[in-house]
Amino acid sequence: MHELSLCQALIATAERQLAARPEHAGRRLKALKVSVGALSGCEPDLLMHLFPHATPGTQAEGAELKVEFQPAQVACNACGERRDVSANQLACPACGGNNVSLVAGDGVFLTGLTLSDD
Amino acid sequence: MCNECGCGMSYAPTSRTARAATPAATPSHETVVAVRESLFGANEAVAAQNRATFRTHGVLALNLMSSPGTGKTYLLETLIPLLARIPLRCAVVVGDLETDNDAQRIARTGAHAIQITTGQACHLDATMVADVLPQLDLAALDILFIENVGNLVCPASFDLGEARRIALLSVCEGDDKPAKYPTLFHKADLMLITKADLLPYLPQFEPARSEACLRALANHSPCLTISSMQPETLAPLVDWLVREHAALKQPAHAWKAV
């Protein structure tokens, strides 16, 4: 999809989060953790590949990108089961019903920043 | 003592120097800050503004998404005159990489049509739509069709501020497209199987299979089989549009928030 622009959005988001935490001023951004959903339209491998090309001149330069894949997860409104499912089979694996709510796996989120003193 | 990583050293530059002398014996002085912020946040913020603008004016905004060549433009050319009889006043924003051919075709129906030429961009985003809204007289509109760039991948990830998403699939394609492009189809509020007049020549396409793929995405939205060449097949679609437009006037209308 648009992994390079997502990398740029990721870095801008991280820089904004850091600016909002003056207690960490001067520390080095060592790693960024991202959650990529199965139904987000974002390809984790491409994100990893492009990230180093987006970081030069930013606070994320030299930082490591840690990508966590978030499978599609549904909560069944009929039987209450909550489970990971494949992206194109969203019906409830327990009861087979398709009255489910997608509770995870449809977004791309910055979830963590590792800051270091060195 | 350090409150952050539990390394037992005071949180001060001197201790960092001391730790550097014996790096193997002490853990690195690091902090993990937990955050949770969507990387689509910038687009979503503009989409929310668009949605509020549409709601203020009582305009039903519809995002039409499909691969190239499903007949989105021809459908609008046929549909808009049918809606004018109700009467529902329509305008169209249409995205393409190049040319304003589609806008010219739609303008012949009398509807206001605005072409967004995206250059090499393969989808519309909320800002592109926001940029053209001042050209539209929203107070004189009932329905705004936003014809996205023909593409089943990227448009799915960009909320435009629409109230409803319509996914189109023509019978010239594989009938299992919803299973292949779940990101786009699972969010569709209506699926249209188009060019149904060609079904007698394409026995390998089974509309029931497309619908089964849509249901496997836990999507309960209506699925209509239509042909713009046979305007009578558009009646259920016209009914759907009338209902959705009427629902806008209800205070309890669930505006789509993506």
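Each reported figure results from applying straightforward, stated rules to the coordinates on display, with no laboratory input. Just so you know, these numbers come straight off a predicted model, no measurement behind them. All Cβ positions, even for glycine, are placed from backbone atoms using ideal geometry, and neighbour counts span all protein chains on display.
Under the convention that each Lys and Arg Cβ holds +1 and each Asp and Glu Cβ holds -1, the size of the dipole of region B:97-210 around its Cα centre is about 280 debye. Please find, in a Gaussian network model of chain B (springs between Cα atoms separated by less than 10 Å), the residue of B:L198, B:L62, B:L224 whose mean-square fluctuation is greatest. Looking only at B:L198, B:L62, B:L224, the biggest GNM fluctuation is shown by B:L198. For region B:165-199, the residues whose backbone nitrogen is under 18 Å from a point 7 Å from the Cα of B:R215, taken along Cα to Cβ, are B:175-180, B:185-193. With a Förster radius of 35 Å applied to the C-beta separation of B:K180 and A:E81, the computed FRET efficiency comes to 0.85. Counting only lysines at least 8 places from A:K33 when in the same chain, those with an alpha carbon closer than 22 Å to its own are A:K66.
Please list, by residue number, everything in region B:98-112 whose backbone N is under 20 Å from a paramagnetic label point 7 Å out along Cα→Cβ of B:D137. Inside the label zone: B:104, B:106-112. Residue exposure proxy: B:D125, B:D189, ordered by other Cβ atoms within 10 angstrom of their Cβ from fewest to most, comes out as B:D189, B:D125.
Applying a 4.7 Å cutoff between beta carbons, the unpaired cysteines of chain A are A:C7, A:C42.
Within the listed set A:A78, A:A91, A:A54, the Gaussian network model of chain A (springs between alpha-carbon atoms below 10 Å) gives the highest mean-square fluctuation for A:A78. Excluding the site residues themselves, the longest part of chain B lacking any trypsin sites (Lys or Arg not before Pro) in a DSSP loop with at most 13 other Cβ atoms within 10 Å is B:109-248. Across region B:41-248, the mean sequence separation of Cα contacts (distance under 8 Å, 6 or more residues apart), normalised by length, yields a relative contact order of 26 percent. Relative to the longest principal axis of the Cα atoms of chain A, helix A:3-19 runs at roughly 60 degrees. Counting other Cβ atoms within 10 Å as a rough exposure proxy, the listed residues B:M229, B:M191 run B:M229, B:M191 from fewest neighbours to most.
Annotation: chain A has a Kirkwood hydrodynamic radius of 15.7 angstrom, from the mean reciprocal C-alpha pair distance. Between the beta carbons of A:R28 and B:T99, assuming R0 = 45 Å, the FRET efficiency works out to 0.35 to the nearest 0.05. Positive end of the dipole of region B:128-181 (Cβ unit charges, origin at the Cα centre): among B:N148, B:S170, B:P134, the Cα lying farthest that way belongs to B:S170.
Rounded to the nearest 500, the 222 nm mean residue ellipticity of chain B from helices alone is -9500 deg cm²/dmol, with -39,500 (n - 2.57) taken per DSSP H run of at least 4 residues. If R0 equals 41 Å, the separation of the Cβ atoms of B:A45 and B:L198 corresponds to a calculated FRET efficiency of about 0.45.
Structure remark: mean-square fluctuation, Gaussian network model of chain B, C-alpha springs under 10 Å; the largest value among B:Q49, B:Q104, B:Q120 belongs to B:Q120.
Compared with the dominant principal axis of the Cα atoms in chain B, helix B:72-84 is inclined by about 60°. Per-residue ellipticity at 222 nm computed for chain A from its helices equals -7500 deg cm²/dmol, with DSSP H segments shorter than 4 residues left out and the rest contributing -39,500 (n - 2.57). Taking a point 7 Å out from the Cα of B:A52 in the direction of its Cβ, the residues of region B:136-159 whose backbone N falls within less than 19 Å of it are B:138-139, B:159.
Label positions at B:A246 and B:A121, each projected 7 Å from the Cα along the C-beta direction, are separated by 3.7 nm. Put a plus charge on the Cβ of each Lys and Arg, a minus charge on the Cβ of each Asp and Glu, and nothing anywhere else: the dipole of region A:14-118 about its Cα centre is then about 200 debye.
Compared with the dominant principal axis of the Cα atoms in chain B, helix B:235-248 is inclined by about 50°. With the cut-off at 19 Å, tell me which of the pairs B:K72/B:K195; B:K187/B:K249; B:K72/B:K177 have Cα atoms farther apart than that. Among B:K72/B:K195; B:K187/B:K249; B:K72/B:K177, the Cα-Cα distance tops 19 Å for B:K187/B:K249. Subtracting the Cα-Cα distance of B:A208 and B:A130 from 0.36 nm times their residue separation leaves 24.3 nm of extension gain. For region B:112-160, the average shadow cast by the Cα convex hull is 3.7 nm², which is a quarter of the hull's surface.
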